[in-house]
Amino acid sequence: MKSEICISGFGGQGVLAVGKSLIEAGMNEGLEVTWAPSYGPEMRGGTANCSVVISDEPIGSPVFNYPTDLIAMNKPSLLKFEPRVVKGGNIFVNSSVVEDKVTRTDVNAYYVPCVDIASELGNLKVANMVMMGAYVQATGIVHAETVVEMIKAMFGVKKPQLVPLNIEALHRGMEEIKKQAK
């Protein structure tokens, strides 16, 4: 198993945090991981992205041109990276922000209203955790329990009040994928 994931959106949407969370969960499950964030002017409202590789075998390079999976949190990300996703790959779209549909028919498309769900939960900053839940549910790349434990470890000491909110956001993203599968 080897997944090459492009996670992209506006700076401030938490795309780098999703990437880092995925690799931490992967490490906790004994998988090989790499994380290559994009820094620079993107951090000030432009399009930020990161590349994540998760594998059960050693990883030769953290760089790839054709991701197996794309998480697009905004329209520019979908337009830029959709053509690069491998045939049979997965594209996850933040449908609260992106009205466009995936144009390709040779990939799996998932539409997740991340911002709408985060708004229902009372904190727009958890939209990225909603998408993380959707991604984990659809791909099975790591176990949800591993992500929950990672959330507890990440927020538990400094901001314990954020633990239940982030776990709920994760579960809501997972539920969204379950609804789409029916």
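Just so it is clear, none of the values below were taken in a lab; they were calculated from the coordinates. All values reported here derive from a predicted model rather than from experimental measurement. Glycine gets a Cβ as well: all are built from the backbone with ideal geometry, and neighbour counts include every protein chain shown.
Things to note:
- For segment 2-181, with +1 on Lys and Arg beta carbons and -1 on Asp and Glu, the positive-most of PRO67, CYS50, VAL142 along the dipole: CYS50
- Debye, to nearest 20: dipole size of segment 2-181, +1 on Lys, Arg Cβ, -1 on Asp, Glu Cβ: 420
- Counting only Cβ charges, +1 for Lys and Arg and -1 for Asp and Glu, the dipole size of segment 82-124 around its Cα centre is about 260 debye.
- Within a Gaussian network of the chain (alpha carbon springs, distance under 10 Å), most fluctuating of GLY133, GLY19, GLY156: GLY156
- Relative contact order %, segment 2-181, counting alpha carbon pairs below 8 Å whose residues are six or more apart: 20
- Cβ-based net charge around GLU149, under 12 Å, with every Lys or Arg adding one and every Asp or Glu removing one: -2
- Coarse-grained scattering of the chain at q = 0.11, 0.12, 0.17 Å⁻¹, given as base-10 log I(q)/I(0) from a Debye sum over alpha-carbon atoms: -0.42, -0.50, -1.07
- Fraction of antiparallel bridges per DSSP, segment 2-181 only, in percent to nearest 5: 55
- The loop-placed trypsin sites (Lys or Arg not before Pro) in segment 74-121, going by DSSP, that have at most 16 neighbouring Cβ atoms within 10 Å of their Cβ come out as LYS87, LYS101, ARG104.
- Once the chain from TYR66 to THR103 is taken as fully extended at 0.36 nm per residue, the excess over their C-alpha distance is 11.6 nm.
- Ranking GLY30, GLY89, MET131 by Cα position along the charge dipole of segment 2-181, where only Lys, Arg, Asp and Glu carry charges on their C-beta atoms, puts MET131 farthest toward the positive end.
- Among the lysines of segment 61-171, pairs that are 8 or more positions apart or on different chains and have alpha carbons within less than 29 Å of each other number 10.
- Structural descriptor for segment 56-111: relative contact order 33 percent, calculated from alpha carbon pairs under 8 angstrom and at least 6 residues apart.
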